[in-house]
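J.: First the structure, then my questions, so here it is.
The values are calculated or read from the model by the stated rules, or taken from the named source; none is laboratory data. Keep in mind that what you see is a predicted model, and the values were worked out from it rather than measured. Every residue, glycine as well, gets a Cβ built from its backbone with ideal geometry; the counts of neighbours run over all protein chains shown.
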Amino acid sequence: MQEKWIEINNQKVYRKIDRIDDKIQSMLKKVQTGNINDLSDDQKTECKKRKLINEGKMTVYKVSKGEMFTLDIERLETELTPEMIANGSWREKKFKSYDMDALGIPPDAGHLHPLLKVRTEYRQIFLEMGFTEMPTNNFIESSFWNFDALFQPQQHPARDAHDTFFISEPCDADIDMIPKEYLQRVKKVHSQGGYGSQGHKYDWKIEESTKNILRTHTTAVSARMLYELAQQKEFKPVKYFSIDRVFRNETTDSTHLAEFHQIEGLVADRGLTLGNLMGVINEFFKKLGLTKLRFKPTYNPYTEPSMEIFSFHDGLKKWVEVGNSGVFRPEMLLPMGLPEDVSVIAWGLSLERPTMIKYKIQDIRTLIGPRVDLQMVYNNPLCRVEKAAI
């Protein structure tokens, strides 16, 4: 009825035309035979509605032989090896040309080791607190600066080969490098006493004092800096720090290494007390993000009073020693020439153990040394802490 082929009258169907031109059938035959381009736009729209056709794009490539076409496979070298240069075979080989404009494979970016991240944070905190960094570029020290200048007796167990690495060549330091007058004052306070002290009362030997060692602590650097301070005409308060490696002949375990980092800090001024020392250490660790601290009385040959510093390790679920501290003894300071009313508070902290706490590392041997997991270095993000105001 829509095409006016038939009509209905009095409920009867009548044919209106003699010849039927079925456009739909014609359209479907064109689709079936693939002559889609012969369809009108209206017919294409109708076919899309019926989902008989789908419009898209097709790219066709025509491949033909070029001038360099060959059936022989020729191998082009991509690398010039030392062997080719040595035997001269590079002259007979053909090399693949290099595209100098190609970007290539993006190289892996550098990754900071957790120790370097925490070391940078330590250094920044010290600088924020007004400290000056000490030079620590000498791993080898004489026993004089490492032990004698710190009022540590020559028969002390720490000076034994089981605790200290001694240098075999050269085994002795140049005696002329040690100030003679200062050397005599140190010898006297060890063997006879002085400055209100009875001394250690033993036969002090220059041979023991000149032995070269791998420094067991950076306090040897502090002794040098304090001696230089004492030589100034007028005393001025100072705040020094250093971060560098030290060496001790220890058995390694989950919390001990034979080579590790020490953070050394000291403040020299008049009227300093143990309370000042605890306050500075608390402020320092608070800036580092470690607030669970404990102080324990201990013995040090060159500080009195002395305290060990402990921080709680959430991974190990126990308190871990992170440093040592104290007030330098008069027997150490007065032979240098410092005024009697000057006090020096000092502390030596570990770099590895706070890093273990912050990064939840349970074995120090996986943090530094040959057992370091490089994937751990790649995966560890920058460690962020909230820093309190000074």
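J.: Just checking, which of Glu250, Glu228 is surrounded by fewer than 15 Cβ atoms within 10 Å (Cβ to Cβ), modelled with pLDDT of 90 or more and among the acidic types (Asp, Glu)?
T.: Only one candidate qualifies: Glu228.
J.: Can you tell me how many residues within segment 26-43 are within 28 Å of Ile6 (Cβ to Cβ) and surrounded by 10 or more Cβ atoms within 10 Å (Cβ to Cβ)?
T.: Result for segment 26-43: 10.
J.: Next question, about the same structure. Assuming Ala223 fulfils every condition listed in (1) part of a loop (DSSP other than H, G, I, E, B); (2) closer than 23 Å to Leu272 by Cβ apart from one, which condition is it?
T.: Of the numbered conditions (1) part of a loop (DSSP other than H, G, I, E, B); (2) closer than 23 Å to Leu272 by Cβ, the odd one out for Ala223 is (1).
J.: Further question on the same structure: If you take the residues of segment 170-183 that are surrounded by 11 or more Cβ atoms within 10 Å (Cβ to Cβ) and either free of Cβ contacts under 8 Å to residues at least 24 places away in the same chain or under 40 Å from the mean Cα position of the chain (by Cα) (or both), which of them is farthest from Leu150 (Cα to Cα)?
T.: Taking segment 170-183 as the starting set, the residues that turn out to be surrounded by 11 or more Cβ atoms within 10 Å (Cβ to Cβ) are 171-173, 175, 178-179, 182-183.
Narrowing the set further to residues that are either free of Cβ contacts under 8 Å to residues at least 24 places away in the same chain or under 40 Å from the mean Cα position of the chain (by Cα) (or both) leaves 171-173, 175, 178-179.
On the way: Cys171: 21, Asp172: 19, Ala173: 17, Ile175: 18, Ile178: 14, Pro179: 15 Å.
This residue is Cys171.
J.: Quick check on my filter: what residues within segment 25-45 are in contact (Cβ under 8 Å) with a residue 12 or more places away in the chain and out of contact with any Asp or Glu (no Cβ under 8 Å at 6 or more places or on another chain)?
T.: Leu28, Val31, Ile36, Leu39, Gln43, listed by residue number.
J.: Now a separate question. Going by what's in this entry, would Thr164 be described as of a type in the set (Val, Ile, Thr), assigned to a loop (DSSP other than H, G, I, E, B), surrounded by 16 or more Cβ atoms within 10 Å (Cβ to Cβ) and at negative phi?
T.: For Thr164, the condition - of a type in the set (Val, Ile, Thr), assigned to a loop (DSSP other than H, G, I, E, B), surrounded by 16 or more Cβ atoms within 10 Å (Cβ to Cβ) and at negative phi - is met.
J.: Just for segment 338-358: of the residues that are in a helix (DSSP H, G or I) and modelled with pLDDT of 80 or more, which one is farthest from Leu266 (Cα to Cα)?
T.: Keep residues of segment 338-358 that are in a helix (DSSP H, G or I), which gives 352-358.
Filter once more, keeping what is modelled with pLDDT of 80 or more: 352, 355-356.
Numbers: Glu352: 20, Thr355: 22, Met356: 24 Å.
Only one residue fits best here, namely Met356.
J.: Can you pull out every residue in segment 273-303 that is free of Cβ contacts under 8 Å to residues at least 12 places away in the same chain and under 30 Å from Arg159 (Cβ atoms)? Explain how you work it out, then say what you get.
T.: Of all residues in segment 273-303, those free of Cβ contacts under 8 Å to residues at least 12 places away in the same chain come to 275, 279, 282, 291, 297, 299.
Within segment 273-303, Pro297, Tyr299 meet the criteria.
J.: Right, something else. If you check Leu316, Leu333, which single one turns out to be modelled with pLDDT under 85, farther than 20 Å from Arg119 by Cβ and surrounded by 14 or more Cβ atoms within 10 Å (Cβ to Cβ)?
T.: So the residue among Leu316, Leu333 that is modelled with pLDDT under 85, farther than 20 Å from Arg119 by Cβ and surrounded by 14 or more Cβ atoms within 10 Å (Cβ to Cβ) is Leu316.
J.: Cβ-Cβ under 6 Å, sequence separation 6+ or interchain: first residue in segment 238-266 and basic (Lys, Arg), partner part of a loop (DSSP other than H, G, I, E, B). Which pairs?
T.: Filtered contacts from segment 238-266: Lys239/Gly130; Lys239/Phe131; Arg248/Thr216.
J.: Which residues, taken from segment 184-204, are hydroxyl-bearing (Ser, Thr, Tyr) and in contact (Cβ under 8 Å) with a residue 60 or more places away in the chain?
T.: Across segment 184-204, the qualifying residues are Tyr195, Ser197.
J.: Within segment 296-310, track down each residue that is buried (at least 16 other Cβ atoms within 10 Å of the Cβ) and modelled with pLDDT of 85 or more. Walk me through how you get there before you give the answer.
T.: Going residue by residue through segment 296-310, those that are buried (at least 16 other Cβ atoms within 10 Å of the Cβ) are 300-303, 306-310.
Asn300, Tyr302, Thr303, Ser306, Met307, Glu308, Ile309, Phe310, listed by residue number.
J.: Residues being at pLDDT 90 or above, of a type in the set (A, V, I, L, M, F, W, C) and over 23 Å from Asn300 (Cβ atoms): count how many of those fall in segment 107-128.
T.: Residues meeting the conditions: 2.
J.: Report those helices (runs of 4 or more DSSP H) wholly inside segment 70-161 carrying at least 2 residues which are surrounded by 11 or more Cβ atoms within 10 Å (Cβ to Cβ) and within 32 Å of the chain's Cα centre (by Cα).
T.: Qualifying helices (runs of 4 or more DSSP H): 114-128, 143-146.
J.: To continue, here is another question. When the residues of segment 258-289 are filtered to those that are of a type in the set (A, V, I, L, M) and in contact with an Asp or Glu (Cβ under 7 Å, 6 or more places away or on another chain), which remaining residue is surrounded by the fewest Cβ atoms within 10 Å (Cβ to Cβ)?
T.: Narrowing segment 258-289 to residues of a type in the set (A, V, I, L, M): 258, 263, 266-268, 272, 274, 277-278, 280-281, 288.
Now drop any that are not in contact with an Asp or Glu (Cβ under 7 Å, 6 or more places away or on another chain), which leaves 258, 288.
Working: Ala258: 14, Leu288: 21.
Among residues in segment 258-289 that are of a type in the set (A, V, I, L, M) and in contact with an Asp or Glu (Cβ under 7 Å, 6 or more places away or on another chain), the one surrounded by the fewest Cβ atoms within 10 Å (Cβ to Cβ) is Ala258.
J.: Now, a different point. For segment 234-243, indicate whether the set of residues that are within 30 Å of Val320 (Cα to Cα), basic (Lys, Arg) and modelled with pLDDT of 90 or more is non-empty.
T.: yes
J.: Okay, moving on. Restricting to segment 304-337, name every residue that is more than 25 Å from Arg245 (Cα to Cα), without any contact (Cβ under 8 Å) to a residue 24 or more places away in the chain and outside any loop (DSSP other than H, G, I, E, B).
T.: Lys318
J.: If you don't mind, another one. Return the only residue of Val221, Val186 being β-branched (Val, Ile, Thr) and over 29 Å from the mean Cα position of the chain (by Cα).
T.: Val186
J.: When you go through Ser325, Ser242 one by one, which is the residue that is hydroxyl-bearing (Ser, Thr, Tyr), over 25 Å from Tyr195 (Cα atoms) and within 26 Å of the chain's Cα centre (by Cα)?
T.: From the options Ser325, Ser242, the qualifying one is Ser242.
J.: Moving on. State whether one or more residues within segment 10-22 are in a helix (DSSP H, G or I) and among the polar types (S, T, N, Q).
T.: Taking every residue of segment 10-22 in turn, none turns out to be in a helix (DSSP H, G or I) and among the polar types (S, T, N, Q).
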